[in-house]
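Single-structure report; data block below.
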């Protein structure tokens, strides 16, 4: 029984982040292709989902969850499993909705992984911000992280 209580506690603690990714999947499921790149489509979808999150307190709860997961291996593992399930669901949606038929094409997975990495970078930046966090701050940092992706892919070492 203790593991069930711990699992329920993890679900409650991770709810703000899971709500964001559920909104992301919902939007991706109904989004129409805009003719741009897949990465841009995914970024727009995440920004739309982020805009659906509550203004007050949501970003603070996300940061508390992030800090708690960093100190709690079982919670971190739960988050990694959730991320993997969400990514696999997104790949399925992309294949079904956008006609990405080749299951061996790595590009959709890499685009998703870059978007998720940008989200994690934005969260990390928000963690170092003085004062309380808010959704607009996270959105601004996420846009900065998205803008850094092309340069990170082509960055050369001196």
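Could you state the number of Å between the C-alpha centres of segment 64-107 and segment 109-150? For segment 109-150 versus segment 64-107, the Cα centre distance is 17 Å. With semi-axes defined as the square roots of five times the eigenvalues of the C-alpha gyration tensor, the equivalent ellipsoid of segment 101-144 measures 30, 8, 6 Å, largest first. Taking every C-alpha pair closer than 8 Å and separated by at least 6 residues, the mean separation divided by the residue count of the chain gives a relative contact order of 28 percent.
Ranked by the mean number of other Cβ atoms within 10 Å per residue, highest first, peptides 59-66, 127-134 order as 59-66, 127-134.
Over all pairs of different C-alpha atoms, segment 2-151 has a mean inverse distance whose reciprocal, the Kirkwood radius, equals 16.1 Å. Using a Förster distance of 25 angstrom, determine the FRET efficiency expected from the C-beta separation of residue 56 and residue 83, and round it to 0.05. Once the sixth-power term is evaluated, E becomes 0.45.
Read the figures in this text as sums done on the coordinates, not as results from a lab. Because the structure is predicted, anything quoted here is derived from the model rather than measured. Positions of Cβ are backbone-derived with ideal geometry, glycine not excepted, and every protein chain shown enters the neighbour counts.
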